[in-house]
Structure formats: structure tokens, C-alpha cells
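What follows is a set of notes on a single structure, which appears directly below.
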Amino acid sequence: MNRLFRIFLVVALISGLLLFATNRLNSSQGYSSGKTLTIFNWGDYIDAELIKRFEKESGIKVVYETFDSNEAMMTKIEQGGTTYDIAVPSEYMIEKMRHEDLLVPLDLSKLPNLKYIDQRFMNLPFDPENKYSIPYFWGTVGIVFNPKMLHGKKITSWKDLWDPKLKNEILLTDGAREVIGMGLNSLGYSLNDTNKQHLIEAKEKLDSLTPNIKAIVGDEIKMLLANKEASVGLVWSGDASEIMSENEDLDYVVPEEGSNLWFDNMVIPKTAKNIKAAHQFINFMLDPKVAAQNADYVGYSTPNKGALKHMPKEVVSDTRFYPSPELTEKLEVYENLGKKNLAYYNELFLQFKMHRK
Ligand code: SPD
């Protein structure tokens, strides 16, 4: 081997090693190359089969990360150093992200499947022309309960939860707006109330519920309720539907005092590195058969009108999970209450959690 050839071999070897190390480092940091798409979604919120199918059809590798609250998602995006191409926040957080200029405007011409979304879920106040967000799932907040464990007692109102007979029987979803909202609603206040006195009253009302609370948990709430570890849970409707498919004894109610109507939408954060692939993925998820498979898997309500045709009749006609527009109009959508107020909700929620200890 002559000297020149040996030098060439060494240089080629070192370059190859450097390239390999850089790729490893980049991928471990979520860096998206043209063939990588990084998605940031709620836990238990997609059929993993669909990710595999998208990867196969598009040749794009999906890096998938999860969060468990809008606040956690926002903190991660705001603090920087992430390269998320798609995130799935709820309405009030989308409004906040828009105001903070954290979103990339969508190219709707790249989303032909958008035509399948029911007009009822388009042009909502948090994003009036869907410039930044595309409907993913929607639902309500309510109470799932096991009438058998409650000796036939039916729950219809938030107030029912304060019944001393429910000692250590209630599981709460770990969400500041959901839990503080329950306190506010039970006192007849709005879910978007920013009156300090009302918020303190709501926190005190929640403190008085402490003896009945077994735990405040994340996605494991579904397993605990389905396995009869508790008889009552404050949950998102889709979780209720999934729990009920595991245990038919359970029922779900939106309390009569009122509750929350929510919308989770797909957005492209400014952290995106692969905006083209993000549009491809959003359009893929909007395909009626894909959306139907996803809804069937996660148990949440789809806003995709085209998908409903591919789903079992008994699912889409269940008004607990597909409530009529007349009922949803009576419910409240969370508003972006501004930095200070949202921080105050979080602080009260933390104080409430500490009070339990
Ligand atoms: N396990 C997935 C949960 C997603 C629920 N999103 C509801 C947000 C309501 N603000």
C-alpha cells in the first residue's frame, strides 16, 4: 500500500467516525434531519401502529416524545434546546403560543385531508382561521364512576363528590385547570374565573375534599379505575371511554353544574426543523381511515367527520362521548388567562397537593 493511499484511508476512516458520532449526538438530542420528524404529544395519545405506517410510507423516521400536561409541554418548548416539529396542545395553550409567537403558520394547501374535519371544530376562537392548528381530538371533563361499588348510587353533580361515603374513593387527573376548575364549578363559578377571592374559595373547597381523595395521578388513572382500585375518577372523556371498554360496570357523566369542553390540536412549533414532514404527518393523520383507527385505539372523540363512517355505530352514537352541539354549547372552553393568572392556578394546585400530604 503506498503512503498516499494509507493517508487517504486514515482520513476516510476519521471522517466516517466523525459523521457517525455527530449523527448519534444529533439524534439523541432530537435533531431532525430532512428524514426525521420529531413529535411531542400527550402520553397514550396515538396508535403506535400508525407511526410505523407513516414511517414506512414516507421513508421519514419519527422520534416521539410525550408530555402529561399543557404546562409541561409549554415549559419544555419555551426553555429551548428542543427540535419538535409537531406538538399537540389544547386550545388555551395554543392561544398562548400564538401570542408568544411560538408557532409556524400552516400551509393549508399541503393539507388536502383537512376537508374531512367537521366544520364545527374549525375556526374556533383560539385560532379563528386555523392558521396554526389542526383538530386532533376533542372531549369533555367529567366523572367516571362504578355504580356497583357505590351500591347503585348514581353521580350527577360535582357536589356528589363531597359525600363522606366516598372516603378515599376518588382519583383525580393531575391537571391544574381540571382540578381547580372542579372547585370553581362546584361553587357555581366559571372555569375561567380570575377573581382571587373566588379562586381561594375554590382551593379551600378542594381542601375539604381531601379525605375522599385517594390519589392524584397521570395516565395510570385508567388502569386504577378499570381494576376497581377506586370507584370514582375526575377524568377526560376519552380516558373514561377507554376505561369503560375495559370494565363495563363503569359509567361517565358530565356534571350538571357544568364542565369543560376541550380541543387538542396539532401545531408546528417554531422549534421545528422539518416543516415539510410535519405537514405530511398532519395530512396523514387527517385521512379518515387513519383518524378512525387512531380514535378506536385511544378512545377519544375524533373531530374527523370522514372517520365517523369507519367507526362502530355504537361508539359514535354514544352521547356521553359524542355529545350534541346543544350540550357542548353549555360547556366552557378554557381561555388563555394570561401568564399571571395561569401561574396562580398552578400555585393553588400545588398548594392543594401539599395540603394532602
Ligand atoms: N392521555 C391523553 C390525554 C390527552 C388529554 N388532553 C386533554 C386536554 C384537556 N385540556
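Rank 222, 131, 56 by mean-square fluctuation in a GNM of the chain with C-alpha springs under 10 angstrom and give only the top-ranked residue. Looking only at 222, 131, 56, the largest GNM fluctuation is found for 56. The 3J(HN,Hα) values that the Karplus relation (6.51, -1.76, 1.60; θ = phi - 60°) gives for the range 261-266 are, in residue order, 10, 10, 9, 9, 10, 7 Hz. Gly and Pro appear as x.
With 18 Å as the limit on Cα-Cα distance, the pairs of 222/305; 153/222; 214/357; 61/273; 159/203; 222/309 that go past it are 222/305; 153/222; 222/309. Distances between placed amide hydrogens fall under 5 Å for residue 67 paired with 41, 42, 43, all partners being 5 or more residues away or on another chain. For the range 215-223, the Karplus equation 6.51 cos²θ - 1.76 cosθ + 1.60, evaluated at θ = phi - 60°, returns couplings of 6, 10, 9, x, 4, 5, 4, 5, 5 Hz by residue, with Gly and Pro reported as x.
Of the three principal axes defined by the Cα atoms of the range 144-231, the extents in descending order read 39, 25, 19 Å.
Sorted on the mean count of surrounding Cβ atoms within 10 Å across their residues, most packed first, peptides 276-285, 322-331, 100-109 read 276-285, 100-109, 322-331. Solvent exposure of the chain, expressed per residue, is 48 Å² of accessible area, with all protein chains present and a 1.4 angstrom probe. When the chain is described by a simple charge dipole with +1 on each Lys and Arg Cβ and -1 on each Asp and Glu Cβ, the residue from 327, 288, 189 located farthest towards its positive end is 288. Per the 1.4 Å probe, what fraction of the accessible area of the chain, in percent, lies on carbon and sulfur atoms? Of all accessible area on the chain, carbon and sulfur atoms account for 54 percent.
Value of Rg to Rh for the range 221-264, rounded to two decimals, is 0.97; Kirkwood radius and Rg both from alpha-carbon coordinates. Return the calculated 222 nm mean residue ellipticity for the chain, to the nearest 500 deg cm²/dmol, obtained by summing -39500 (n - 2.57) across DSSP H runs with n ≥ 4 and dividing by the residue count. Rounded to the nearest 500, it is -12500 deg cm²/dmol. Extension gain for residue 296-residue 110 works out to 64.4 nm (0.36 nm per residue, less the C-alpha to C-alpha distance). The mean of 1/r over all distinct Cα pairs in the chain, once inverted, gives the Kirkwood hydrodynamic radius of 21.9 Å. When each full DSSP H helix of the chain is screened for a Cα extent of at least 30 Å along its own axis and an average Kyte-Doolittle hydropathy of at least 1.0, the helices passing are 3-28. Around the amide H of residue 37, modelled in the peptide plane, lie the amide H atoms of 61, 62, 63, all under 5 Å away and 5 or more residues distant in sequence or on another chain. Ratio of Rg to Rh for the range 216-357, alpha carbon only, Kirkwood? On the Cα set of the range 216-357, Rg over Rh gives 1.00. When DSSP beta bridges are limited to those with both residues in the chain, what percentage is antiparallel, rounded to the nearest 5? Looking only at bridges with both residues in the chain, the antiparallel portion is about 55 percent.
Taking 18 Å as the limit for the C-alpha separation, the pairs 228/313; 96/340; 167/228 exceed it in the case of 228/313. Charge dipole (Cα centre; +1 on Lys/Arg Cβ, -1 on Asp/Glu Cβ; no other charges) of the chain amounts to roughly 1320 debye.
Annotation: amide H of residue 137 within the under-5 Å range of 264, sequence separation 5 or more or interchain, hydrogens built in the peptide plane.
The values are calculated or read from the model by the stated rules, or taken from the named source; none is laboratory data. Remember, predicted model here, so these are calculated numbers, not experimental data. Positions of Cβ are backbone-derived with ideal geometry, glycine not excepted, and every protein chain shown enters the neighbour counts. Areas reflect the complete protein model, heavy atoms only, side chains present, ligands, DNA and RNA absent. Shrake-Rupley method; radii C 1.70, N 1.55, O 1.52, S 1.80 Å.
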